[in-house]
1. Here is a list: L135, L174. Which entry is without any contact (Cβ under 8 Å) to a residue 60 or more places away in the chain, more than 20 Å from L207 (Cα to Cα) and not basic (K, R)?
2. In this structure, does A214 turn out to be of a type outside the set (S, T, Y), modelled with pLDDT under 95 and farther than 30 Å from A34 by Cβ?
3. For region 158-175, what are the residues that are surrounded by 16 or more Cβ atoms within 10 Å (Cβ to Cβ) and either more than 20 Å from E30 (Cα to Cα) or in contact with an Asp or Glu (Cβ under 6 Å, 6 or more places away or on another chain) (or both)?
4. Check region 169-180 and report whether any residue there is at pLDDT 95 or above and either within 16 Å of D88 (Cα to Cα) or assigned to a strand (DSSP E or B) (or both).
5. State whether one or more residues within region 54-64 are within 19 Å of L85 (Cβ to Cβ), surrounded by 14 or more Cβ atoms within 10 Å (Cβ to Cβ), more than 21 Å from the chain's Cα centre (by Cα) and in contact (Cβ under 8 Å) with a residue 40 or more places away in the chain.
6. Has region 124-139 got at least one residue that is closer than 22 Å to G60 by Cα and not in a loop (DSSP other than H, G, I, E, B)?
7. Can you spot a residue in region 220-230 that is acidic (D, E) and outside any helix (DSSP H, G or I)?
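The values are calculated or read from the model by the stated rules, or taken from the named source; none is laboratory data. Keep in mind it's a predicted model, so treat the numbers as computed, not measured. Cβ atoms come from the backbone with ideal geometry, glycine included; neighbour counts cover every protein chain shown.
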Amino acid sequence: MLSLLAGVFRFAMLKWFSGKKPSLEQMTAELPRAEVLRRGRVVILDDEAPEMIADIRRQGVAVDHWTSTADPSFGRLESGFYDILLLDYGGIGRNFGQDEGLDVLRHLKRVNPALKILAFSSRTFDASKSDFFRLSDGVIRKDAGIREMMEQLETHLARALTPATYHKAICTTLGIDPDSETAKRIGRLILQTAEHPKKNGQLLETLRATAGTAGTATIESFAGKAVDLVIASMATT
């Protein structure tokens with residue numbers, strides 16, 4: 001059975017790469033729903049334990065809950081491990097500043113542009129928090145039912161889990177124009193690595209040379225996800 005599946009996958013790869021290949025930034029097609037749910041990683045940052053976590057997990061989504069930014073796993077949000085953050089405003093990040101949720105949001109947008117951040121609050125119409133909601137990628141009310149919650153999560157996960165999302169995040173983090181030759185070269189190397197894993201060394205070398213003295217751990221994580229999503233796209237095309 002495994003050999004049959006491997007053969008089918010090799011055939012899909014051959015078919016995909018023998019045709020006209022899109023550039024990485026053009027690969028915006030969403031994965032099938034089952035694949036999105038299997039791959040998606042969600043974390044809720046709220047000083048109170050949300051009641052619907054068990055319901056979300058029963059839908060097949062991997063979701064964690066932290067009460068504050070002091071959680072030992074917070075670095076995983078910065079490094080690209082999670083795809084979606086449901087972020088409360090108050091009581092979760094005093095070490096980031098007096099605006100807490102807003103300051104956390106600004107920090108994460110800067111260090112991890114691939115992360116989709118959804119405002120998770122009962123204060124949707126609080127004018128004093130307008131920047132928090134304006135800068136978020138969406139809003140989920142705390143009193144939302146499981147159906148509304150899953151519709152939002154599935155929509156944002158599907159948009160997040162595309163090769164184009166991570167190519168854009170790489171360019172943003174490196175501070176380069178997505179239309180520049182350097183960005184296009186990185187995109188080509190990601191596509192080539194999906195076909196020939198031995199190209200990974202050349203990809204990493206290019207990323208490190210472009211980043212210079214800046215840290216590359218998050219950028220390399222983005223590139224790894226992009227390669228993985230190219231392969232997933234090939235298998236479902």
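1. Values: L174 fails: more than 20 Å from L207 (Cα to Cα).
Selected residue: L135, the only one of L135, L174 that is without any contact (Cβ under 8 Å) to a residue 60 or more places away in the chain, more than 20 Å from L207 (Cα to Cα) and not basic (K, R).
2. On the way: of a type outside the set (S, T, Y): yes; modelled with pLDDT under 95: yes; farther than 30 Å from A34 by Cβ: yes.
Taking the combined requirement at face value, the residue satisfies it.
3. Taking region 158-175 and keeping what is surrounded by 16 or more Cβ atoms within 10 Å (Cβ to Cβ), we get 158-174.
Those that are surrounded by 16 or more Cβ atoms within 10 Å (Cβ to Cβ) and either more than 20 Å from E30 (Cα to Cα) or in contact with an Asp or Glu (Cβ under 6 Å, 6 or more places away or on another chain) (or both): A158, A160, A164, H167, C171, T172, T173, L174.
4. no
5. Checking region 54-64: at least one residue is within 19 Å of L85 (Cβ to Cβ), surrounded by 14 or more Cβ atoms within 10 Å (Cβ to Cβ), more than 21 Å from the chain's Cα centre (by Cα) and in contact (Cβ under 8 Å) with a residue 40 or more places away in the chain.
6. Restricting attention to region 124-139, the residues satisfying the condition of being closer than 22 Å to G60 by Cα are 138-139.
Now restrict to residues that are not in a loop (DSSP other than H, G, I, E, B): 138-139.
Yes, the conditions are met somewhere in region 124-139.
7. Of region 220-230, the ones acidic (D, E) are 220, 228.
When the remaining residues are screened for being outside any helix (DSSP H, G or I), the result is none.
Scanning region 220-230, I find no residue that is acidic (D, E) and outside any helix (DSSP H, G or I), so the answer is no.
Let's see how each residue does on (1) outside the structural domain of L118 (by TED's automatic domain parsing); (2) not in a helix (DSSP H, G or I):
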{"residue": "R147", "(1), (2)": "no, no"}
{"residue": "E151", "(1), (2)": "no, no"}
{"residue": "E154", "(1), (2)": "no, no"}
{"residue": "K184", "(1), (2)": "yes, no"}
{"residue": "G187", "(1), (2)": "yes, no"}
{"residue": "N200", "(1), (2)": "yes, no"}
{"residue": "L204", "(1), (2)": "yes, no"}
{"residue": "G215", "(1), (2)": "yes, yes"}
